[in-house]
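Inspection log for the structure reproduced underneath, given as structure tokens.
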Amino acid sequence: MSIYREYDIRGIFEKELNEERVKKIGFLLAKRLKKEFVAVGFDARVHSPKLFEWLKYGLNAGGKTVINIGLVPTPVNYFCNYFSLEELSDGKINSEEFLAGSIMITGSHNPPEYNGFKITINKLPFFGEAIYTLGKEVEELDSIPKEVSEKEIKIDALKKYKEFLINEFQDLKGLQKKVVYDCGNGVAGVVLPEVFKSLEIEAKGIYLEPDGTFPNHHPDPSVTENLKDIKALLEREGDIGFAYDGDADRVTVLTHKYNIKGDQLAILFAKIMQNPTVIGEVKCSSIMYDELQKMGANAIMYKTGHSNLKVKIKETNASLACEVSGHIFFNDRYFGFDDAIYATFRVLELLKKGINLDQELDSLPKLYSTEEIKVKTTEDEKFKIIQKIEEIIKETNELPKIIKIIDIDGLRIEFEDGWALVRASNTTPVLVTRFEAKTKEKADFYKSLIENLIKKAKERLKKD
């Protein structure tokens with residue numbers, strides 16, 4: 001599996017992300033940056049500081065000055081792109097210029113031996129073909145300069161980010177709710193305690209200390225097993241709970257009754273926005289799209305992936321975008337990137353306005369939705385299988401009545417009483433499926449239907 005993925009660069013430290021390769025990545029990225037300054041931050045993984053030094057060498061070799069923002073959540077790295085160097089550095093750098101871009105060293109929710117780079121250039125994600133082309137150049141590059149002048153400026157970007165949050169959410173002072181939260185030993189813990197304290201919010205956190213060995217549980221709140229401790233704390237002494245992934249760009253919101261998914265949050269947020277445009281991914285429930293349209297919102301279905309959604313927000317000037325997994329992107333009063341910490345305080349705003357989250361969710365139509373179900377395949381075959389499935393669907397009369405097929409990202413097949421999704425993952429050699437219907441039995445029927453189509457598609461590939 002290549003380390004050059006659709007949305008980022010990701011691999012095992014030293015085995016794949018070795019010194020020579022990382023320096024070359026920095027050097028070739030520098031050639032793509034039009035201005036001098038690039039911000040680099042890192043998460044809590046034990047090898048992140050070493051990767052920082054290697055990446056800095058490459059960026060310096062390419063003629064860039066590295067703005068060292070240190071140990072930060074990924075959203076802080078994105079945040080830096082929206083302020084002048086003078087604002088960002090509290091006058092340390094006397095320049096009204098903005099960053100050329102930023103690089104976040106993070107393994108997100110992957111196992112501890114993994115790490116990687118999320119890259120922003122000129123406020124836009126660096127992804128897809130741009131990453132694949134970079135990877136090809138890195139692997140073909142013989143060498144980079146041996147003599148390099150170190151150019152690094154350390155700034156406290158966390159201070160600027162915390163000040164922004166505290167100023168933005170002053171109205172939350174006096175919130176009569178007890179908040180509990182689980183940072184999972186990721187980097188959310190370097191922000192949340194201070195902001196909660198400044199806003200005088202009663203909050204109790206667990207696993208706040210950044211620790212890249214993740215001694216308590218894996219930092220992936222989409223896995224139920226990882227939520228046991230925060231659920232227990234919520235049960236004992238909280239009104240609402242939050243859990244974060246390793247780099248704090250993804251959040252899970254918990255009430256005593258619900259584990260609230262990203263598409264459900266989008267409905268709740270849209271209720272208090274004026275004429276919003278909301279972007280969802282192909283995995284989002286039809287309830288979200290239907291409810292948004294009922295309230296007069298403009299609902300757009302688009303591709304899965306944080307990079308895709310950030311680009312689509314810029315293109316449409318949407319108010320909000322979401323992924324089921326908990327990536328929430330606010331362009332309303334914010335900058336259009338996924339930020340789990342910022343989303344936390346927007347949820348608390350709903351409570352401050354008197355919105356009862358459980359009652360709102362109780363009032364939604366009831367459909368049965370599966371979690372993501374992944375089917376192993378190969379990197380070479382995954383997209384070909386989707387093409388073959390599309391061919392088979394066009395040829396056969398044996399399927400239930402199809403209302404429409406949405407093909408912006410795999411195939412979302414809409415039936416009269418539900419839908420089935422099959423898409424090729426952009427990051428791993430799997431097909432991702434999800435099903436929704438009025439009953440579990442009908443969703444299971446759609447699941448067996450897709451399993452059969454995948455089987456037939458594989459057989460056709462073998463014959464071809």
Checklist entry - Identify, please: which residue in the range 1-59 is polar (S, T, N, Q) and touching a residue at least 60 places away in the same chain (Cβ under 8 Å) and is, among those, farthest from Ala100 (Cα to Cα)? => result Ser2
Next on the checklist: Quick test for you: out of Gly91, Gly63, Gly116, Gly58, pick the one residue that is in a loop (DSSP other than H, G, I, E, B) and more than 18 Å from Asp156 (Cβ to Cβ).
Outcome noted: Gly63
Checklist entry - So is Leu309 touching a residue at least 24 places away in the same chain (Cβ under 8 Å), open to solvent by less than 50 Å² (accessible area, probe 1.4 Å) and part of a helix (DSSP H, G or I) or not? => result yes
Checklist entry - If we keep just the residues of the range 418-454 that are acidic (Asp, Glu) and surrounded by fewer than 17 Cβ atoms within 10 Å (Cβ to Cβ), which is farthest from the chain's Cα centre (by Cα)? => result Glu441
Next on the checklist: Name the single residue that is surrounded by the most Cβ atoms within 10 Å (Cβ to Cβ) among those in the range 100-113 being in a loop (DSSP other than H, G, I, E, B) and among the small types (Gly, Ala, Ser).
Outcome noted: Gly107
Item to check | Verdict on His256 being under 18 Å from Asp362 (Cβ atoms), surrounded by fewer than 24 Cβ atoms within 10 Å (Cβ to Cβ) and not small (Gly, Ala, Ser) | outcome: yes
Next on the checklist: Can you tell me which of (1) part of a helix (DSSP H, G or I); (2) open to solvent by 20 Å² or more (accessible area, probe 1.4 Å); (3) in contact with a helix residue (DSSP H, G or I) (Cβ under 9 Å, 6 or more places away or on another chain) is the one Pro49 doesn't meet?
Outcome noted: (3)
Next on the checklist: When you scan the range 314-324, do you find a residue that is in contact (Cβ under 8 Å) with a residue 40 or more places away in the chain and of a type in the set (Asp, Glu), even just one?
Outcome noted: yes
Checklist entry - Identify, please: which residue in the range 201-215 is open to solvent by 50 Å² or more (accessible area, probe 1.4 Å) and in contact with a strand residue (DSSP E or B) (Cβ under 8 Å, 6 or more places away or on another chain) and is, among those, nearest to Leu350 (Cα to Cα)? => result Glu202
Checklist outcome for this item: If we keep only residues of the range 50-102 that are hydroxyl-bearing (Ser, Thr, Tyr) and within 30 Å of Glu113 (Cβ to Cβ), then the residue farthest from the chain's Cα centre (by Cα) is Tyr57
Checklist entry - Across the range 360-385, what is the number of residues that are closer than 22 Å to Val324 by Cα, among the hydrophobic types (A, V, I, L, M, F, W, C) and in contact with a strand residue (DSSP E or B) (Cβ under 6 Å, 6 or more places away or on another chain)? => result 3
Next on the checklist: For the condition among the hydrophobic types (A, V, I, L, M, F, W, C), touching a helix residue (DSSP H, G or I) at 6+ places or on another chain (Cβ under 8 Å) and open to solvent by 40 Å² or more (accessible area, probe 1.4 Å), what is the one hit in Leu411, Leu367?
Outcome noted: Leu367
Item to check | Residues satisfying the stated conditions in the range 185-200, i.e. crowded, with 21+ Cβ neighbours inside 10 Å and touching a helix residue (DSSP H, G or I) at 6+ places or on another chain (Cβ under 7 Å) | outcome: Ala188, Val190, Val191, Leu192, Val195
Item to check | Filter pass, Gly326 being open to solvent by less than 10 Å² (accessible area, probe 1.4 Å), in a loop (DSSP other than H, G, I, E, B) and out of contact with any strand residue (DSSP E or B) (no Cβ under 7 Å at 6 or more places or on another chain) | outcome: no
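The values are calculated or read from the model by the stated rules, or taken from the named source; none is laboratory data. Worth saying up front: this structure is predicted, and the values here are computed from it rather than measured. Positions of Cβ are generated from backbone atoms using ideal geometry, with glycine treated the same way; all protein chains shown enter the neighbour counts. For the accessible areas, the whole protein counts, side chains as well, though only heavy atoms, and no ligand, DNA or RNA atoms are used. Shrake-Rupley method; radii C 1.70, N 1.55, O 1.52, S 1.80 Å.
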